[in-house]
Amino acid sequence: MYDLTGFQRDLLYVIAGQDEPHGLAVKDELEDYYEKEIHHGRLYPNLDTLVDKGLVEKGQRDRRTNYYTLTRRGERELDARHEWESQYVDR
């Protein structure tokens with residue numbers, strides 16, 4: 001996960017916290033968090049990068065709607081990140 005941007009890590013967290021979210025649901029969550037608009041040109045290429053890295057799987061609900069889930073590797077990477085962070089921040 002060291003080679004991901006902060007935005008890509010945030011995408012992983014949002015996907016992990018929802019049940020097969022579609023792109024717009026992920027976008028809405030991040031817009032709430034960042035308190036600004038997330039453009040499609042930023043969102044979807046980063047989702048595709050996570051798919052290409054094997055961290056996220058993309059499925060198709062219908063011809064216009066994709067959904068996203070973490071792969072096992074994505075889950076392991078989030079767990080490892082959480083362990084690493086907890087060494088420094090234990091609240």
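The values are calculated or read from the model by the stated rules, or taken from the named source; none is laboratory data. Here the structure is a predicted model, which is why all the values come from computation and not from measurement. No Cβ is skipped: glycine too gets one built from the backbone with ideal geometry, and neighbour counts run over all protein chains shown. Accessible surface areas use protein heavy atoms only, side chains included; no ligands, DNA or RNA. Shrake-Rupley method; radii C 1.70, N 1.55, O 1.52, S 1.80 Å.
Return only the number of the condition from (1) open to solvent by 40 Å² or more (accessible area, probe 1.4 Å); (2) more than 10 Å from the chain's Cα centre (by Cα); (3) free of Cβ contacts under 8 Å to residues at least 40 places away in the same chain that Ala25 does not satisfy.
So the condition that Ala25 fails would be (1).
Taking the criterion of being within 12 Å of Gly23 (Cβ to Cβ) and of a type in the set (A, V, I, L, M), would at least one residue in region 52-61 satisfy it?
Within region 52-61 (the criterion being within 12 Å of Gly23 (Cβ to Cβ) and of a type in the set (A, V, I, L, M)), the answer is yes, since at least one residue qualifies.
Under the condition of being in contact with a strand residue (DSSP E or B) (Cβ under 8 Å, 6 or more places away or on another chain) and not polar (S, T, N, Q), which residue from region 59-83 is farthest from Asn46 (Cα to Cα)?
Taking region 59-83 first, the residues in contact with a strand residue (DSSP E or B) (Cβ under 8 Å, 6 or more places away or on another chain) are 59-61, 65-71, 74, 78.
Of the ones still in play, those that are also not polar (S, T, N, Q) are 59, 61, 67-68, 70, 74, 78.
Details: Gly59: 16, Arg61: 20, Tyr67: 14, Tyr68: 12, Leu70: 14, Gly74: 14, Leu78: 17 Å.
Selected residue: Arg61.
Of all residues in region 42-91, which are farther than 16 Å from Leu24 by Cβ, among the basic types (Lys, Arg) and surrounded by 11 or more Cβ atoms within 10 Å (Cβ to Cβ)?
Scanning region 42-91 gives Lys53, Arg73, Arg76, Arg81.
Consider only pairs whose beta carbons are under 7 Å apart and that are at least six residues apart or on different chains; among these, list those whose first residue lies in region 68-79 and is of a type in the set (Asp, Glu) and whose second residue is buried (at least 18 other Cβ atoms within 10 Å of the Cβ) and not in a helix (DSSP H, G or I).
Glu77/Leu55
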